[in-house]
Amino acid sequence: MYINTTLSPEYQLYHRVLKELNEIEVIMRVKSQTWVGLGWRPANLKSGCQYFPNLPGVIPRPEPEPEKSTTKPEPEPHSCGGKVSACPSGQCLAHLMWTFDEKTDVITFQIDAAIEENQWLGLGLSKDTAMVNTDIYTGWYTNGVAYIQDRYASAKREPPIDQTQNIFNISASRNNGRTFLTFSRKRNTGDSSDEAFSDTECLYPLFAWGPVRSLSSLSIGYHSFRYNGVTEKLCIKSCPPQTSTTKPEPEPEKTTITPEPEPEKSTSEPEPEPYLCTGKVSACPSGQCVAHLMWTFDEKTDMITFQIDAAIEENQWLGLGLSKDTAMIKTDIYTGWYTNGVAYIQDRYASAKREPPIDQTQNIFNISASRNNGRTFLTFSRKRNTDDSSDEAFSDTECLYPLFAWGPVTSLSSLSIGYHSFRYNGVTEKLCIKSCSPQTSTTKPVPEPEKTTIAPAPEPEKSTTKPEPEPSLCTGKVSACPSGQCVAHLMWTFDEKTDMITFQIDAAIEENQWLGLGLSKDTSMTNTDIYTGWYTNGVTNVQDRYASAKREPPIDAIQNIFNVSGKRVNGRTFLTFSRQRNTGDSSDEIFSDTQCLYPLFAWGPVTSFSSRTIGYHAFRYNGVTEKLCIKSCSNVSPEPEKPTSEPETTGEPEGEGEPGSCGAPPRGFNDTTGDSPHPMDCVDMVIGSAKGQLSRIGDYYSRDRSTPQKDEFYGGKDDLTAAYGFEDSNGYTTIMFRKKLRADERSDFSFLNEYMHVIWARGQEPGKFHHLPNVGLAENELSSFYKHDELKYHGHGGQRGIRRINFLDEPSGPVVGNCTQTWRNPSDNTHEVTWQYDSTTDSVQFTLKARLLQRQWIGVGISRDTFMPNTDTIVGWVNDDKTVTLIDGWASGRSVPATDTVQDVQGVRGTIENGITTISFNRRRDTQDQNDIAFSQNECVHLIYAKGGDYAVETGRFGYHDTTPIVSSGKICIPCPTVNMLTDLHMENQK
């Protein structure tokens, strides 16, 4: 039986799992006479994945060898590294790679093995290959979280976790069924629970893995695999470059050259290299150390890097104070937390015993945070002396006491923190951060070598060709000047190479006011592209909107702005953002070489920061009389020769413009670090096309928004086990393929028992081409650019989309009794929805559960076609006073649903226990409300499961969901007509 998923009215997806073959079979039936494609990736992948094929544990695609040079290379700074494997019976099951930086005396280990996600992976460092008296590191990667522990085995039992965790730079990932763990430590940590490496002390590496017993207590079970068969000790020591035993090549003949005049000789010694000073201090009330502060000072840059950690909850803030006298008043304070993959760190100053306000100038940078083994880690840098009166200064003579604290986060949106539940000011010695380099030696300098006389090299011949013109950056400025007084300004820069505009708008407004820019064809508000934003409490918020009428313009479903920033200077708000000239979005107005727009200015009150609601403008100006024209402004140059072949599409022109996907390097450095990737980033794909009964189907990988490449391009192979395709007379293309469920190379992703990120697309049909940015071709030339069945840009609108699908989810058995069913997200067992039909009252009871962050909502949608427009929505949350807010709404489009006039929900109740929100309610099967969708035997519906997004208690408004909601792949029919009908969340038609 195939499971059918409707990706669009013209794109049907069918799949089934072939358990006996350990394969999946997928069929795409698409209204298309050109190529069709399907892609997938794990839902928790981060933007660092774009560095593939240069990722830890991945063998990169071989590059062509450079031509051999006859000159000797300059010696590179030396780093030591090595690899050892666990190979019982000649089969290598696990690998250990290490790198040693002798400058910092730090070792970085990476261990990997093909184990299950619920298993721990371990590395032991032993003097004699026995488990007893062995330094042990265990870890795993589950639900997007890395767990790594530093342990010591004094006996043959579960090794306890060390009191001091001497590991840092922790990361982990799952790739192709393998777990990868990475961490760093000093060669000698000075801890009796750690074995030490030295230039004379080496250790045997041991490998093991087994079941994880408990995530909460970090308890591990007895190893199901153990290997101590490595016969040579692991030696990690200074490793200067080896001297070559080959004869040196003859030196080239000397040339006689006139030397340049030498500078006067210095009789003093060369300056010593700048030193990195480090230290550590802990908060240890009653002798138990509960928080730690580590710091590094680089005297060359006068920069301090702090790392503070403590075992606190995810919804708590962690704080560091720097004080002259251990009191809270007049203390420099840094607070932060790590929630939902985002680091929040603020620079504050406490002038009194109340919540310390956020400093106007944030003198911290290189901010990062993580959660590991139930601990929060915060890292940031600052100057010793920031020259800010709100920051305490360090110097060679000025030291400060460190204070520790933590407590609840009361609001993510306003960065508000509650009163500390823990505070420690018991460190008795001040923290002194100053130069720590050794004294300069007074010994005589080494005599300089004799001079050699060299003549200058001949000058290169002058080129007679003109250099190519640089891409031109066009700029301009326009102001809002009612009555001759200019109150707001707009500056813009256009990079014609990237077809990108960067806008900066500023005005003298209050901090709690929004500032807006409109782009209009006729100076009126209706049918205007609008950008609004503000800068409050150190946070920038800018939204892309569209005004179709004279009311609050809704936020666009797709935010086509990026590189967003803001600031407040001298009472003025400055907002900066970038966008393409033509975003390809019908909610955005287009600039082109012939299309210009009027700029409009406005500002007014922000009515809700959490839901990003804005009030009616207090100021509006549409008096700019000339349109804003943003077009090519480079000097005219001779027309280049026409290419002999067609240009290739180099990028995916549309999208939200997340950092790292186009232009700037991606954030992060591997699959588990960085921010949320673009939908096309790091996706395993199958793309096919057909002509009659002939087809061409391939295994592809999309690294970013450029054209996907076949796996062979990245050093992989085509892993399809079967494929066929055909094109019928009705204009439909059908593509079938089979793949193994478990991938064995990085250019493929395994099909996991979780809701994976899925993208789909089809090529543009002849005569319906849309390209963005313009490719320098006239409209009549596009048809020759887009050849039939050629893999090029898919276009916009219904040409592509995103879903979340669990390919391994199986339909349940027949539903009996009162039609009761529970859906649960296998990768997040706390997120579940239960419904039960009561025939006596003809009503349905829903129960929604999920682990939510503070001020987040949970909801369910009822849809006839799996799409958000025209969906009945029910969204709710539990308030601080334990009351429940539940909103019955209707989504007419891809924006926040409107609240129904009649609320057709009853029996509402809810709780929060152990961080899990539970909300229950009843509604009639058929409410007779035109804004509600009725359940029936004949018209079955899909359920949409959503959670996340913030809300405003004072207005009852809520924001967008944090992640793509999950849609039931099958329809639900209530009441259950027969015992044989599958009415669970994945009821499918037999194919």
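The values are calculated or read from the model by the stated rules, or taken from the named source; none is laboratory data. Since this is a predicted model, take the numbers as computed values, not measurements. For neighbour counting, all protein chains shown are included, and Cβ atoms are generated from backbone atoms with ideal geometry for every residue, glycine included. The accessibility values were calculated without ligands, DNA or RNA, using every heavy atom of the protein model including side chains. Shrake-Rupley method; radii C 1.70, N 1.55, O 1.52, S 1.80 Å.
The simple spin-label model puts a point 7 Å past each Cα toward its Cβ; for Ser565 and Lys300 those points are separated by 2.5 nm. Taking label positions 7 Å along the Cα-Cβ direction at both Thr721 and Gln906, the computed distance is 5.4 nm, reported to one decimal.
Amide H contacts of Asp704 (H built 1.01 Å from N, in plane; Pro and chain starts excluded): Cys682 sit under 5 Å, all sequence-distant by 5 or more or on other chains.
At 1.4 Å probe size, put Tyr137, Tyr401 in order of accessible surface, largest to smallest. Kindly include the intermediate steps, with their values, before the conclusion.
On the way: Tyr137 5, Tyr401 50 Å².
Ranking Tyr137, Tyr401 by accessible area, largest first, yields Tyr401, Tyr137.
Take Met1: with every protein chain present and a 1.4 Å probe, its accessible area is about 90 Å².
For segment 313-390 and segment 471-544, what is the separation of their C-alpha centers, rounded to whole Å? For segment 313-390 versus segment 471-544, the Cα centre distance is 32 Å. The 3J(HN,Hα) values that the Karplus relation (6.51, -1.76, 1.60; θ = phi - 60°) gives for segment 749-763 are, in residue order, 10, 5, 7, 9, 7, 7, 7, 7, 6, 10, 10, 9, 7, 9, x Hz. Gly and Pro appear as x.
Shown are Val478, Val844, whose ranking by accessible area with a 1.4 Å probe and every protein chain present, most to least, is Val478, Val844. Beyond 22 Å in Cα-Cα separation lie the following of the pairs Lys882/Lys947; Lys300/Lys434; Lys83/Lys237; Lys156/Lys237; Lys550/Lys947; Lys186/Lys233: Lys156/Lys237; Lys550/Lys947. The Thr99 and Ala327 beta-carbon pair, evaluated with R₀ = 60 Å, returns a calculated FRET efficiency of approximately 0.85.
Between Ala130 and Ser892, the modelled label-to-label distance comes to 7.8 nm, taking each label 7 Å out from Cα in the direction of the beta carbon. Measuring only protein heavy atoms, the 1.4 Å probe finds Glu626 accessible over about 140 Å². The residues packed around Asp302, meaning those with a beta-carbon under 12 Å from its beta-carbon, carry a net charge of +1 if Lys and Arg are +1 and Asp and Glu are -1. From most to least packed by mean Cβ count within 10 Å, the peptides 707-717, 82-92 give 707-717, 82-92.
Residues whose amide H falls under 5 Å from that of Ile614, counting only those 5 or more places apart or on a different chain, are Thr607, with hydrogens built in the peptide plane.
Among the listed pairs Lys19/Lys792; Lys383/Lys567; Lys497/Lys627, give every one whose C-alpha distance is greater than 25 Å.
Lys19/Lys792
Protein-only accessible surface at a 1.4 angstrom probe places the residues Ser184, Ser368, Ser286 in the order Ser286, Ser368, Ser184, largest first.
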